[in-house]
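Below is one structure, written out as structure tokens; comments come after it.
The values are calculated or read from the model by the stated rules, or taken from the named source; none is laboratory data. All of these numbers come straight from a predicted model, not from anything done at the bench. Methodologically, a virtual Cβ is constructed for each residue, glycine included, from the backbone with ideal geometry; neighbour enumeration extends over all protein chains shown. Keep in mind that these areas ignore ligands, DNA and RNA; they rest on the heavy atoms of the full protein, side chains included. Shrake-Rupley method; radii C 1.70, N 1.55, O 1.52, S 1.80 Å.
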Amino acid sequence: MRAVLVKGGKGSADNLYISEAPTPSLNPTEVLVKIKAFGLNRMDIFQREGNYPVPPGASSILGVEFSGTISEIGQEVSDWKVGNEVFGLAGGGAYAEFIAVNQTHIIPKPPHLTWVEAASIPENFLTAFQALIVIGQFRDNESALIHAGASGVGVAAIQLARAYGARAVIATTSSKEKIDWLLSLPSGPTHAANYKTQDFSAVVKEATENKGADVVIDFVGRTHFNKNIDSMAVDGRMTMLSFLSGAIVESVNLSPILYKRLHIEGSTLRARTLEYQANLITRFRQEVLSKITGEKGDGPVRTYIHKVYPWTDIQAAHQEMEENKNSGKIIAEVV
């Protein structure tokens, strides 16, 4: 099969190229999917640069989310058939013509979603669902602070908070253009802040009548940590998903963590066990999937695609993400 590889095993976007790779062989509980489209995620950049270790047993080929058709099934697979249209989550290997994935990690593609829209769902929405609902235990009439609001995960988390009955959703991002775009979304945030020019903790307090955010979703780490603590409500919960500004905070006042009874938890998804991921996917299918429509749909939760590249332009797609230009998801089509 053809796949996107990295010259020398790691490097810049210029090191990405398409070449031949072995077609995956199947374990008894796996299916082989012929890929139509795959999503880009920031972890792909980290892995390409050599800064993100691949989980044990996963493909070293980039990519964790995809859409396509089943072309082969393992001996113990009973719920799927060749020709089924699916999308799914993998530990790696999605930047390719074919991917082998456990039968528990694929979802039937709804007819109203395009291949591109379906490929934009798995990593973004499952990460957001895990961070906000499973770990954050977000509930009706609560408030949420969502950082990286214009990212794929950020947009998913904003919409999920609204779908679960949020009283207020405050999103942060880096430009007026992105704020304007977010506020224009049908189920976008109720408030937004430019973290480069505004004190987002002050925006949160104003939006929540000084109560604070019940749940915070953070990808940034060092530069946002103290303001996150200041932004949180009593009994607030924060899920930390990444440390884009660094992992070392030089000075922290621990007192608010104690007197506000704060819960701070770090989370990953790719490194979780197959069983954990399968249970998460099952719950997501039950609670969220029916709410998702395409970008032109009228449902409470929609997919938002920033740009679609043919996979032959994978270098440009990675450069687009590295330059932080995207509002919504970047997708590559296998052509």
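Could you list, in sequence order, all residues of the stretch 225-284 that are more than 24 Å from the chain's Cα centre (by Cα) and small (Gly, Ala, Ser)?
Ala233, Ser251, Ser255
Hey, any hits in the stretch 134-149 for a residue that's among the aliphatic types (A, V, I, L, M) and in a loop (DSSP other than H, G, I, E, B)?
So far as the stretch 134-149 goes, yes, one or more of its residues are among the aliphatic types (A, V, I, L, M) and in a loop (DSSP other than H, G, I, E, B).
Say we look at the stretch 49-79 and pick out the residues that are over 18 Å from the mean Cα position of the chain (by Cα) and open to solvent by less than 30 Å² (accessible area, probe 1.4 Å); which of these is farthest from Val6 (Cα to Cα)?
So the residue we want is Val77.
Kindly list the number of the only condition in (1) in contact with a helix residue (DSSP H, G or I) (Cβ under 7 Å, 6 or more places away or on another chain); (2) surrounded by fewer than 24 Cβ atoms within 10 Å (Cβ to Cβ); (3) over 19 Å from Gln277 (Cα atoms) that fails for Ala37.
(2)
Which numbered condition trips up Ser25, out of (1) of a type in the set (Ser, Thr, Tyr); (2) assigned to a loop (DSSP other than H, G, I, E, B); (3) within 30 Å of Ser12 (Cβ to Cβ)?
All conditions are met except number (3).
When you scan the stretch 6-25, how many residues do you find that are within 13 Å of Ser59 (Cβ to Cβ) and surrounded by fewer than 19 Cβ atoms within 10 Å (Cβ to Cβ)?
Summing the residues that are within 13 Å of Ser59 (Cβ to Cβ) and surrounded by fewer than 19 Cβ atoms within 10 Å (Cβ to Cβ) in the stretch 6-25 gives 3.
Within the stretch 133-144, is there a residue that is among the hydroxyl-bearing types (Ser, Thr, Tyr), crowded, with 24+ Cβ neighbours inside 10 Å, under 21 Å from Leu274 (Cα atoms) and in contact (Cβ under 8 Å) with a residue 60 or more places away in the chain?
no
If we keep just the residues of the stretch 283-296 that are touching a residue at least 12 places away in the same chain (Cβ under 8 Å) and part of a helix (DSSP H, G or I), which is least open to solvent (accessible area, probe 1.4 Å)?
Once the filter is applied, the top-ranked residue is Phe284.
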